[in-house]
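Student: Here it is, the structure, as structure tokens.
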Amino acid sequence: MNKSSNKFRHLVWPLVSLALLLLFNAIFTDNFFKIEVKKQDSAQAVQSTAVPDDLPGAAGTAAAQAAAEEVEAAKQTVKESAGQQAVPEKKDDKGVSIFGYYLYGTPIDILNQGSKVMVLAIGMTLVIATGGIDISVGAVMAIAGAIAALLISMLDAGNCIGAGMGPAWYWIIPVAAALVLSTLAGFWNGMLVAGFGIQPMVATLVLMVAGRGVAQLITDGQIITFDNPGLVFLCNGHALFLPFSVWIVVAMYVIAGLLTRKTAFGLFIESVGNNERASRYAGIEARRIKWLTYVICGFCAGVAGLLAASNIKCADSNNAGLYLELDAILATVIGGTSMAGGRFFLSGSLVGAILIQTLTTTMYMKNVSPAIVQVPKAMVVIIVCLLQSPVFRAKVLSVFASKAAKGGVQ
Amino acid sequence: MKKFKFPMRYVPISATILVFFIVYLIGIISFENFGSPKVFLDLFVDNAYLGIAAIGTALVILTGGIDLSVGSIIAFTSILIAKMIATGSNALVAIALALVIGILFGMLQGWLIHCFSLPPFLVTLAGMFFIRGCGFIVSEESIGIKNDPVFNFIQNDLTIKLGKGMNLRFIVIVYIVVLLAAIFFSQRTRSGRSIYAIGDNELAATLMGIPVGRTKIMTYTIAGFCSALAGVVYAVYLKAGNPLNCVGLEMDAIAAVVIGGTLLTGGVGYVFGSLFGVLVLGLIQTLIVFDGRINSWWTRIIVGLLVLAFIFMQNLITKISKSKSKSQ
Amino acid sequence: MNKFATVIMAAAAATLLVTGCSKSDSSKIKVGFSQVGAESDWRKASTESIKGEAEKRASIELTFSDAQQKQENQIKAIRNFISKGVDVISFSPVVATGFEDVLKEAKEAEIPVVLFDRAVDVSEDGLYVSFIGSDFVEEGRRAGRWVVKNVGENANVAELVGTVGSAPAIDRKKGFEEIIANYPGIKIIKSQSGDFTRAKGKEVMESFLKSPEADQIQVLFAHNDDMALGAIQAIEEAGKKPGKDIIIISIDGVKTMFEQILAGKANCTVECNPLIGAQLFDVVEQIHAGKSVPSRIPSVEGVYDNVGGVNVGTDREPVVTKKITQEIVDSRKY
């Protein structure tokens, strides 16, 4: 076969599973693929004036359609005018789109809500590729959210360096602080694993247990709410029709992809994951490579933590990112990365993350009783993994083959 | 140079035991009543279920695998028993059924892991979701076990009174018996030695003719049984079942095993070590309760730091003794 | 090797000794309290109320323990309180079942137990002296009555359930359903768990708003304020007006929720009062002095909304809602 088909072969099975799940939704869930184009302010105004309180049903849809049509029309004019004027990089105070339009619907929600796990999965993929694991990412998310919320509340109150920049810009400080802190957390994990040679699961267990405590210490155990437009924009704003968080994922994916596939870094990672000692003999600084993957993973957790905090406009140290490490690992493995290390697929991890979020959203949409939600989730995970397993496919194929052979004889 | 040469392989576990007694001593010095035998006995009573679960986890980790379904199986078992008793079944039937389900579930996990070479982390993670969901299907609400003759018998007649407020409960005896059996199994039987061989080098074990598949599936089956038995013990301990209980207990079990000197990569360690791992975790909790001034978030940080201090100490002691044995 | 190890151990010992070393004063009443955890603002307010009150009273020496939402931790804590020899044990149970044995042990050791905030389910009397706290079922009922009186006898309700299997989630649902069972026009058309958190509340509400039944949702009943606050964001993002297009009612009564009601974005919150530390230590002091105390002490709780004057209690025990004003918001501590 040719080279390109080999390159994407690992993506086949997660994509097939995702397609099956989407197909299921297309058939059994109404409105699943309904995507509307909305304009933040006017569309809202049209809807709420057109819908009288006592007639929500039919009028609501009609109004929505009317709004959508109007938006369609307006989109045309904007596109035309955009050609003539320089596009203003305007940040609306309510955290809306740069262009004022955005897509609205379940698939968009899946992308938006799944963005946290997608970002986590990028870092996790690299760590797992070296044969390690990082179970502290959920706690690091909580730390990142906590420090961002604390700083933004200090800036809002005016008692912090940088408050003079005004609310439109000073949100950069908490964002930077959160990223620095989470990168340090990653550095710490890397130090324990690569520096001191502690087993990755135990080493990251330390931060998993203690990290949430640190986050609570930062926020003094309180849930800190904020409404800074810049910070809120991260996960609630829209750019180029899509939620801004999706663009963050795209950017991080592209950077990680370039870093690992266009430089030797990716090869080094796989080499270390395959055989650490051999790669050391080959002159690769195995320790440094491993260390770096944990640092990247910490950074990713920081981004995810900012997204999680931005999404609900507050830092909830107790619940932010709780058990998300499991989802991130799941996404990575569903995407075809081997837990033994030595082989990784960033795109597969993203598909895995989308698959998990689609599954969760499907459960909500289908009104599955909250009690049993976990059961179908577990089954889908096992089925996807079985599909991924070459051994399973070989066995199933051999059963079919032998049946066919028997049929042929008779 | 000492005349008596301490075997290298006992170093990590000895370090754990040493640290346990030092921490215990600190507790006695710092707090009144900490030294009372009741505190020591309660360590066993309150952690018997964790200890039994940790035995299964230890065996699985020795093969180089991992089992994340432990906490969920305990919750499922306890709620199943409580529900069956509440609907009029005999308690012994309920306990037997719970154990059988645990064994079958462990076997299924082992089968999936071995036959389709799926990562243990993933299979048991899915198993964790699955069996907890099943627990919620049995009952969303916690159910108490009231006036059941079997449970009352265990409670009243199988408890050995050792003095005022001090009872050697049946569950502690169960734990010790299971622990001794597991130690014997892992050290003195052919299957037990196979576990070490597989954990050390699976390929080599296969080439040596060790039945790798059978041993792995057996280990996960034993782990399933241990988790289910821990669930039974938990139901006896609380006289209740609750599908929400023991969330994240697998992490405690893994931590206990690791503190007990077992390497997560497999092949190195002792089941016996899990006992001291469990006791150390319990002791840390007791210290924090006795102090009673530490904020909840500080509790988490301190537990994290203690685990860290522990790992460092172990690493250091192991490294030093390694270099010493080399110089000798 | 030994020297090095000893140095490290000594260091570890020193750090522990710094945190340890509490010498108790025999004239004080030693109280052991086990809290559920620190899972929400509400719980945090409750913890502060207990700790603050204990500090204020010279007669009380408090040993506080956090169970981190785990029953197994709580039972260990209570056992340790018994070993430690406290005078009174108080705790806020994680769940209702499973405390019988440890309570019997406390009784054997002659330590009185006061339940706080949540009740336990035990088969014999006398295992605890008193129970101070709210009635979750009644809270659900109050929410139900408010819907009946303010929305009418025909309404489609979406429900954000708390953590599956937890006592407040089960009881609040029970109470709410008990009331609406009398009104066939009121239907729960969507019900899903939001785990008592903002993030989940928002995520679940988003999916509700995109489901085929989205346009029929008239009322949102959230089992706590945090989930309601998340849902408000989701509703706004969907282009609807929370509090108008969808009537929002929740339980707890935290300050942020009050602000939302005042801003017209939510409609009603049934208070579940966490500030009962003073009540607790009054009871503890009475018990210690040998006085008898009532076995059930209800906490003082109101219902707050944007209308005012609605009776959400029964005819015999009326509970009239208070309309939220700026003063009420400002005076809220948590």
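The values are calculated or read from the model by the stated rules, or taken from the named source; none is laboratory data. Here the structure is a predicted model, which is why all the values come from computation and not from measurement. Counting neighbours? That spans all protein chains shown, and the Cβs are built from the backbone with ideal geometry, glycine included. Just the protein is used for accessible areas: all its heavy atoms, side chains included, with ligands, DNA and RNA removed. Shrake-Rupley method; radii C 1.70, N 1.55, O 1.52, S 1.80 Å.
Student: How about segment C:208-218: which of its residues are touching a strand residue (DSSP E or B) at 6+ places or on another chain (Cβ under 8 Å) and crowded, with 21+ Cβ neighbours inside 10 Å?
Tutor: If the condition is that a residue be touching a strand residue (DSSP E or B) at 6+ places or on another chain (Cβ under 8 Å) and crowded, with 21+ Cβ neighbours inside 10 Å, then C:Phe208, C:Lys210, C:Ser211, C:Ile217, C:Gln218 are the ones that fit.
Student: Does A:Gly336 fit the bill of being touching a His at 6+ places or on another chain (Cβ under 8 Å) and away from chain C (no Cβ under 14 Å)?
Tutor: Yes: the conditions hold for A:Gly336.
Student: In segment C:65-74, is there at least one residue being in contact (Cβ under 8 Å) with a residue 40 or more places away in the chain, facing chain B (nearest Cβ under 9 Å) and either closer than 21 Å to B:Asn295 by Cα or open to solvent by 20 Å² or more (accessible area, probe 1.4 Å) (or both)?
Tutor: Within segment C:65-74, none of the residues are in contact (Cβ under 8 Å) with a residue 40 or more places away in the chain, facing chain B (nearest Cβ under 9 Å) and either closer than 21 Å to B:Asn295 by Cα or open to solvent by 20 Å² or more (accessible area, probe 1.4 Å) (or both).
Student: Still on this model: Which of (1) more than 8 Å from every other protein chain (Cβ to nearest Cβ); (2) crowded, with 24+ Cβ neighbours inside 10 Å does B:Val268 not meet, given it meets every other one?
Tutor: Condition not satisfied by B:Val268: (2).
Student: C:Val122 passes all but one of (1) surrounded by 21 or more Cβ atoms within 10 Å (Cβ to Cβ); (2) within 13 Å of chain B (Cβ to nearest Cβ); (3) among the hydrophobic types (A, V, I, L, M, F, W, C); which number fails?
Tutor: Of the numbered conditions (1) surrounded by 21 or more Cβ atoms within 10 Å (Cβ to Cβ); (2) within 13 Å of chain B (Cβ to nearest Cβ); (3) among the hydrophobic types (A, V, I, L, M, F, W, C), the odd one out for C:Val122 is (1).
Student: Right, something else. Could you list, in sequence order, all residues of segment C:240-251 that are within 11 Å of chain A (Cβ to nearest Cβ) and touching a Lys or Arg at 6+ places or on another chain (Cβ under 7 Å)?
Tutor: Answer for segment C:240-251, where residues must be within 11 Å of chain A (Cβ to nearest Cβ) and touching a Lys or Arg at 6+ places or on another chain (Cβ under 7 Å): just C:Ile246.
Student: In addition: So which residues in segment C:25-38 are facing chain B (nearest Cβ under 10 Å) and surrounded by fewer than 20 Cβ atoms within 10 Å (Cβ to Cβ), if there are any at all?
Tutor: Matches in segment C:25-38: C:Gly37 only.
Student: Out of (1) within 21 Å of A:Val373 (Cα to Cα); (2) touching a Leu at 6+ places or on another chain (Cβ under 7 Å), what's the single condition that is false for B:Leu112?
Tutor: (1)
Student: Considering only residues that are in contact (Cβ under 8 Å) with a residue 40 or more places away in the chain and surrounded by fewer than 24 Cβ atoms within 10 Å (Cβ to Cβ), which ones fall in segment C:94-113?
Tutor: The answer is C:Ala96, C:Pro112.
Student: Identify all residues within segment B:271-292 that are facing another protein chain (nearest Cβ under 7 Å) and without any contact (Cβ under 8 Å) to a residue 40 or more places away in the chain; write none if there are none.
Tutor: B:Gln285, B:Val289, B:Gly292
Student: Moving on. Among the residues in segment C:268-283, are any surrounded by 17 or more Cβ atoms within 10 Å (Cβ to Cβ), touching a residue at least 40 places away in the same chain (Cβ under 8 Å), β-branched (Val, Ile, Thr) and under 17 Å from C:Ala222 (Cβ atoms)?
Tutor: Yes; the residues of segment C:268-283 include at least one that is surrounded by 17 or more Cβ atoms within 10 Å (Cβ to Cβ), touching a residue at least 40 places away in the same chain (Cβ under 8 Å), β-branched (Val, Ile, Thr) and under 17 Å from C:Ala222 (Cβ atoms).
Student: Confirm whether A:Leu205 is at the interface with another protein chain (Cβ under 7 Å from one of its Cβ atoms) and crowded, with 21+ Cβ neighbours inside 10 Å.
Tutor: The answer is yes for A:Leu205.
Student: While we're on this one: Going by the conditions given, is A:Val209 modelled with pLDDT of 90 or more and among the aliphatic types (A, V, I, L, M)?
Tutor: Considered against the rule, which asks whether it is modelled with pLDDT of 90 or more and among the aliphatic types (A, V, I, L, M), A:Val209 comes out as no.
Student: Here's a follow-up. Can you say whether C:Glu48 is at pLDDT 90 or above and acidic (Asp, Glu), as far as the supplied structure shows?
Tutor: Answer is no for this residue.
Student: In contact with a Phe, Trp or Tyr (Cβ under 7 Å, 6 or more places away or on another chain) and either open to solvent by 30 Å² or more (accessible area, probe 1.4 Å) or without any contact (Cβ under 8 Å) to a residue 12 or more places away in the chain (or both), is that true of B:Ile217?
Tutor: For B:Ile217, the condition - in contact with a Phe, Trp or Tyr (Cβ under 7 Å, 6 or more places away or on another chain) and either open to solvent by 30 Å² or more (accessible area, probe 1.4 Å) or without any contact (Cβ under 8 Å) to a residue 12 or more places away in the chain (or both) - is met.
Student: Condition first: facing chain A (nearest Cβ under 9 Å), of a type outside the set (Gly, Ala, Ser) and buried (at least 24 other Cβ atoms within 10 Å of the Cβ). Now tell me which residues in segment C:224-239 satisfy that.
Tutor: C:Asp226, C:Leu229
Student: So, in segment B:227-258, of the ones that are of a type in the set (Val, Ile, Thr) and facing another protein chain (nearest Cβ under 9 Å), which residue ends up surrounded by the most Cβ atoms within 10 Å (Cβ to Cβ)?
Tutor: So, considering only residues that are of a type in the set (Val, Ile, Thr) and facing another protein chain (nearest Cβ under 9 Å), the one surrounded by the most Cβ atoms within 10 Å (Cβ to Cβ) is B:Val258.
Student: Here's something else I'd like to know. Those residues that are under 15 Å from A:Ala301 (Cβ atoms), surrounded by 24 or more Cβ atoms within 10 Å (Cβ to Cβ) and not hydrophobic (A, V, I, L, M, F, W, C), I need them from segment A:167-199; list them, please.
Tutor: Matches in segment A:167-199: A:Ser182, A:Gly186, A:Asn189, A:Gly190.
Student: Among the listed residues B:Gly110, B:Gly106, B:Gly27, B:Gly51, identify the single one that is within 11 Å of chain C (Cβ to nearest Cβ) and not acidic (Asp, Glu).
Tutor: Answer to the check: B:Gly27.
Student: Restricting to segment C:105-125, count the residues that are at pLDDT 90 or above and in contact with a Leu (Cβ under 7 Å, 6 or more places away or on another chain).
Tutor: Count: 3.
Student: Hey, C:Phe221 hits all of (1) within 14 Å of chain A (Cβ to nearest Cβ); (2) over 30 Å from C:Asp87 (Cβ atoms) but one; which does it fall short on?
Tutor: The failed condition is (1).
Student: Another question about this same structure. Mind checking whether some residue in segment A:241-255 is more than 13 Å from every other protein chain (Cβ to nearest Cβ), open to solvent by 20 Å² or more (accessible area, probe 1.4 Å) and at pLDDT below 90?
Tutor: Yes; the residues of segment A:241-255 include at least one that is more than 13 Å from every other protein chain (Cβ to nearest Cβ), open to solvent by 20 Å² or more (accessible area, probe 1.4 Å) and at pLDDT below 90.
Student: Let me ask something additional. Report those helices (runs of 4 or more DSSP H) wholly inside segment A:323-410 carrying at least 1 residues which are buried (at least 21 other Cβ atoms within 10 Å of the Cβ) and in contact with an Asp or Glu (Cβ under 9 Å, 6 or more places away or on another chain).
Tutor: Result: A:324-334, A:346-365.
Student: Another question, if that's okay. Return the total of residues in segment C:178-207 being in contact with a strand residue (DSSP E or B) (Cβ under 7 Å, 6 or more places away or on another chain) and facing chain A (nearest Cβ under 7 Å).
Tutor: The total comes to 5.
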